[in-house]
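What follows draws every value from the coordinates through simple rules; no lab data is involved. Everything numeric in this text was worked out from a predicted model, so none of it was measured. When we count neighbours, we look across all protein chains shown, and the Cβ atoms used for this are built from the backbone with ideal geometry, even at glycine.
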Amino acid sequence: MEIIIQPDAEAASRLAARFIAKLIREKSRAVLGFATGQTPLPLYRELCRLHREEKLDFDRVTSFNLDEYVGLNPAHPASFRTYMWTHLFGQINIVPEHVHIPDGLAPNIPISCEKYEDEIQAAGGIDLQILGIGTDGHIGFNEPTSSLVSRTRIKTLTARTRRDNAGAFGGEDKVPPHVITMGLATIMECRTCLLLAFGAPKAAAVALAVEGPVTATVPASILQFHRRTIVLIDEEASSKLLRGEYYRYVYEHKPDWQKI
Ligand code: PGA
């Protein structure tokens, strides 16, 4: 894992956007994995700015989102489809047919999950997956005790995640109990993972994921087995790491060609 600590979420998001823009410019048909939630919002704002002001071209990009609520109309204001079109897709030139988001209204969920995995394979796999982390250590909606070799499937949210996401629904009791999420094995097959975490509430989960043992009770810790995961965090989210000084030293002393 590469741990990069930036002064704040804005600086980290600018770095993340530059990294993504480089991939899009270098690879003719980049496949990007997107996340939702509060964390990637400054990144998406910056990607929209790069499209507007620096002509970053999403025409040949294919996208796959991590997850979606089950039973929620895609037009619902709290659906992840609405989120993605509001905060990113509606402001860039991505081709709608290239966008993939799990279907929360699928009549047969197991078959739709298998199809999602097949679509990822057919696109050549995901080049770069953006990840947030839950306060309970989840990535995607792989809640604690998720199988470390899970694929896209239905999951039941923990009370803590329902509480964390209650704002978008106007109350914890209105958050759907079930979601479809890419599995941990699905995420592990992405060529690069970019995990973003900002703010003190994420510090404990980040420390466990990066420096704790690999365990299904902290699903993000599986990324310790990933070949190329970049953990891009702000000062507050880094505050519980034991080796923060070392990570800063490593980043400061990297040759320019090796920096993201
Ligand atoms: P957040 O969610 O970005 O809204 O904190 C992250 C997550 O649950 O993965």
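Annotations for the structure displayed:
- Over all projection directions, the Cα-based convex hull of region 170-260 averages an area of 7.8 nm².
- Per residue, the chain reaches -9500 deg cm²/dmol at 222 nm when only DSSP H runs of four or more residues are counted, each adding -39500 (n - 2.57).
- Under the span-like rule (Cα at least 18 Å along the axis, Kyte-Doolittle mean at least -1.0), DSSP H helices of the chain: 9-26, 41-54, 109-122
- Label positions at E26 and A123, each projected 7 Å from the Cα along the C-beta direction, are separated by 2.0 nm.
- With 5 Å bins from 0: P(r) over region 48-139, alpha-carbon pairs, percent: 3, 12, 19, 23, 23, 14, 6, 2, 0
- Projecting the Cα atoms of A16, L157, A35 onto the charge dipole of the chain (Cβ charges, centred on the Cα centre) puts A16 farthest toward the positive pole.
- Label point at E252 placed 7 Å out along Cα→Cβ; residues across region 4-34 whose backbone nitrogen lies under 20 Å: 4-9, 11-12, 15
- The alpha carbon convex hull volume per residue for the chain rounds to 118 Å³.
- Average Cα contact separation per residue, the chain, under 8 Å, 6 or more apart, as relative contact order %: 25 percent
- Farthest toward positive dipole pole in region 130-224 [+1 Lys/Arg, -1 Asp/Glu at C-beta], among H178, L223, H138: H178
- Considering only alpha-carbon pairs that sit under 8 angstrom and 6 or more positions apart, the relative contact order computed for region 190-243 is 53 percent.
- If you take all other residues with their beta carbon under 15 Å from the beta carbon of T158, and give Lys and Arg +1 and Asp and Glu -1, the sum is -2.
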